[in-house]
Amino acid sequence: MSPSAAAAVQGLALAALMVLSPAGAARQARRPNVVLILTDDQDVCLGGMTPLKKTNALIAQMGITFLNAYVPSALCCPSRASILTGKYPHNHHVVNNTLEGNCSSKLWQKIQEPHTFPALLKTMCGYQTFFAGKYLNEYGAEDAGGVGHVPPGWSFWYALEKNSKYYNYTLSVNGKARRHGENYSVDYLTDVLANMSLDFLEYKSNFEPFFMMISTPAPHSPWTAAPQYMNRFQNVSAPRNSNFNIHGKNKHWLIRQAKTPMTNSSIQFLDNAYRKRWQTLLSVDDLIEKLIKKLELNGELDNTYIFYTSDNGFHTGQFSLPIDKRQLYEFDIKVPLLVRGPGIKPNQTNKMLVANIDLGPTILDIAGYDLNKTQMDGMSLLPLLRGDKNVTWRSDFLVEYQGEGYNGSDPTCPGLGPGVTHCFPDCVCEDSYNNTYACVRTLSTSWDLQYCEFDDREVFVEVYNLTADPHQINNIAKTIDQEILEKMNYRLMMLQSCSGATCRTPGVFDPGYKFDPRLMFSNHGVRARRFSARSL
C-alpha cells in the first residue's frame with residue numbers, strides 16, 4: 001500500500017475512533033472479527049492444498065476442515081456472486097463471466113450488491129470492512145461504471161480490474177485507478193494484497209470489529225509464480241487417477257468429444273500448468289503466515305475467525321479434458337474450506353454437506369445479525385463450527401450452470417460448428433451453449449449420489465453413485481431404480497425454483513421428505529427446469 005493509501009486508512013480509522021463512545025466501543029470490540037481468504041480456481045480433489053504447508057498448520061490444524069464443501073456453479077463469477085449474496089445462481093442471476101451474463105453488470109449493482117453480506121455487516125452490524133483482490137470478472141468494465149464504482153458495504157476497497165493477473169494490472173483504490181507494472185518487489189499482486197492487508201490491520205480502528213476479504217489471483221492462469229518459487233515442484237505432474245486421460249463414455253456430448261488418448265503436447269501442457277499452479281500458491285501460503293502473525297502481534301487472533309476457500313475447483317486431464325473448470329464433476333465443484341476461530345477445537349474434520357452459499361449466513365451469524373431478515377438460500381455453519389450436538393443439516397444442494405457458446409464457429413476448430421467455446425488447438429472444447437445443466441448433489445447416510453439434467457435437445461441425464469464410483473466414470477442413469485430417478489427429477493425441479501427457506505427443505509433420502517408424482521407434470525415444474533439468461 002502506498003503512503004497515501006495508508007494515510008487514508010489511518011484517517012478513516014481515526015474518524016471512527018471519534019464517533020464511538022467508550023461504552024459502545026467496548027461492546028463492539030468484543031464481537032469477533034472475520035477474515036475470508038478466497039483463492040481463484042483452486043481444486044481440492046487433485047491435490048490443490050498440498051503445497052500449502054503453512055496454511056495447513058496455521059488454519060486446518062488449528063481449526064476445522066470441511067471434507068464436503070462445494071460451489072453451486074463451477075465458474076468464477078457465478079460462484080463469487082453466490083458467496084457475496086448467499087444465493088444460488090437462479091436467485092442472484094449471475095450465470096457466467098460476461099456482462100451479458102450479469103457479471104458485475106449494472107443490474108447486479110442495482111439489485112444484488114446492496115444486499116450482500118458485507119453491506120449488511122457494515123450498515124447493520126457496525127463492522128469496518130476491507131476488500132483486496134479479484135472481485136468479479138467484469139468489475140471495472142466501462143459499461144458498468146469502470147473502476148470508479150465501489151460496491152456498497154466496503155470501508156476500504158482495493159479491487160482488481162477484470163480477471164486475475166499477477167503483473168501489469170489496475171486496482172481500484174477506493175474508486176481511483178492505480179496502475180501496477182512488472183516489478184516484483186512492488187507489483188506482484190499476491191504480495192501487494194498481503195501488504196495492503198497488513199497495513200489495514202496496522203491502521204484500522206481498534207474500536208470496531210472488522211471483516212476482511214482477501215481474494216488472490218492464485219492459482220488462476222497465467223500462473224505467474226514469484227521469482228523465488230519458479231523452480232519449485234519440477235518433478236511434480238498432474239495426478240494420474242482413474243479418470244485421467246480416458247474417454248468420457250455415456251456422458252454429455254461435450255465430454256464425449258474430447259480426443260482420447262490426449263496428445264503428448266496436451267499432457268505436457270497440463271503437467272506444466274499443474275506445476276505452475278502450485279508455484280503460485282506458495283505466495284498465498286506466505287500471505288497466510290504474515291496475516292496470522294500480524295493478528296497475533298495485535299492481540300486479535302483469538303477473537304478472529306479465519307475462513308480459507310476457493311471459488312471453484314479445476315481439472316487437469318480428467319476425461320481427456322485438458323484444463324478448465326465449469327463441468328459438473330467433483331473435481332470442478334468441490335473446494336477446500338478451512339476455518340479457525342473462537343470456540344473451534346483444533347485439528348477437526350467435518351463431513352457435512354456444505355456450500356459457499358453458507359459463508360454469508362455464517363459470517364452474519366457470527367456478527368449477531370438475525371438471519372431471518374435475509375433472503376439467503378444458505379445455512380449458517382456456526383453450529384458446526386461450535387460442535388453443537390444434534391444439528392439438523394441438509395443432505396443435498398443444487399448445482400447449476402449455463403453454458404457459454406458463440407453463434408459463429410470457434411476459429412480454432414471450425415469443423416465443430418457454431419456453439420462451442422474455450423477450445424484447444426487439438427479441437428477439444430471445454431464449453432458450449434448447451435453445456436447447460438442442473439444437478440442435485442446428495443450426501444446422506446444411505447446415498448452418495450449426483451443426479452444431473454442437461455437443458456438440451458436430448459435432455460441428457462447423468463447419474464453417479466459416488467460410493468461405488470468416486471471418480472464418476474460410470475453413468476448409471478439407465479440402470480438406477482426408476483423410483484429414485486423420479487424422486488431426483490422432482491427434487492431438482494423444486495430446488496431450481498427455490499428461494500430462501502424453501503432451498504433448505506428435506507432431501508429425497510431425509511425422513512421428512514414428501515414426494516407427489518403428480519407435481520412432476522405441472523406447468524410450474526416444467527418452467528422451473530429452465531435455467532437461462534431469459535430469467536435475468
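The values are calculated or read from the model by the stated rules, or taken from the named source; none is laboratory data. No experiment lies behind these values; they were computed from the predicted model shown. A quick note on method: Cβ atoms are made from the backbone with ideal geometry, for glycine too, and the neighbour counts reach across all protein chains shown. Only protein heavy atoms, including side chains, enter the accessible area calculation; ligands, DNA and RNA are left aside. Shrake-Rupley method; radii C 1.70, N 1.55, O 1.52, S 1.80 Å.
Here are some notes:
- The chain: relative contact order as a whole-number percent, Cα under 8 Å and 6+ apart: 20
- Where GLU458, GLU182, GLU430 fall by accessible area, highest first, once all protein chains stay in place (1.4 Å): GLU182, GLU458, GLU430
- Aspartates and glutamates with Cα under 15 Å of LYS345, excluding same-chain neighbours fewer than 8 positions away: ASP302, ASP388
- C-alpha long axis of helix 482-496 to longest principal axis of the chain, angle in °: 40
- For the chain, the longest piece that avoids every one of the trypsin sites (Lys or Arg not before Pro) found in DSSP loops with at most 12 other C-beta atoms within 10 Å covers 1-239.
- Database remark: amide H of THR98 closer than 5 angstrom to the amide H of CYS103 (H placed geometrically; neighbours at sequence offset of 5 or more, or on other chains; Pro and chain starts carry no H).
- Sequence-ordered 3J(HN,Hα) estimates for the stretch 119-125 from the Karplus curve with 6.51, -1.76 and 1.60 and θ = phi - 60° stand at 5, 5, 4, 6, 7, 9, 10 Hz, glycine and proline given as x.
- Remark: for residue pairs LYS325/LYS373; LYS87/LYS487; LYS334/LYS487; LYS53/LYS334; LYS351/LYS487; LYS53/LYS251, the C-alpha separation exceeds 26 Å in LYS325/LYS373; LYS53/LYS251.
- Calculated [222 nm] ellipticity per residue, helices only, for the chain: -8000 deg cm²/dmol; basis is -39500 (n - 2.57) per DSSP H run with n ≥ 4, divided by all residues, nearest 500.
- Cα-derived Rg over Rh, computed across the stretch 238-382 with Rh taken as Kirkwood radius: 1.07
- Share antiparallel - DSSP beta bridges, the stretch 33-389, percent rounded to 5: 40
- Rolling a 1.4 Å probe over the heavy atoms of the protein chains gives the stretch 33-389 an accessible area of 33 Å² per residue.
- If you take all other residues with their beta carbon under 13 Å from the beta carbon of THR304, and give Lys and Arg +1 and Asp and Glu -1, the sum is +3.
- Remark: the chain carries a charge dipole of roughly 700 debye about the Cα centre, counting +1 on each Lys and Arg Cβ and -1 on each Asp and Glu Cβ.
- Within the stretch 397-505: Cβ-based charge dipole about Cα centre, in debye rounded to nearest 20 (Lys, Arg +1; Asp, Glu -1): 380
- All Cα-Cα separations within the stretch 400-520 were binned at 10 Å from zero, giving a P(r) of 12, 35, 30, 17, 6, 0, each value a whole percent of the pairs.
- Rh (Kirkwood; distinct C-alpha pairs) - the stretch 33-389, Å: 20.5
- Partner aspartates and glutamates for LYS134 [C-alpha distance under 14 Å; skip if fewer than 8 residues away on the same chain]: ASP40, ASP41, GLU161, ASP191, ASP311
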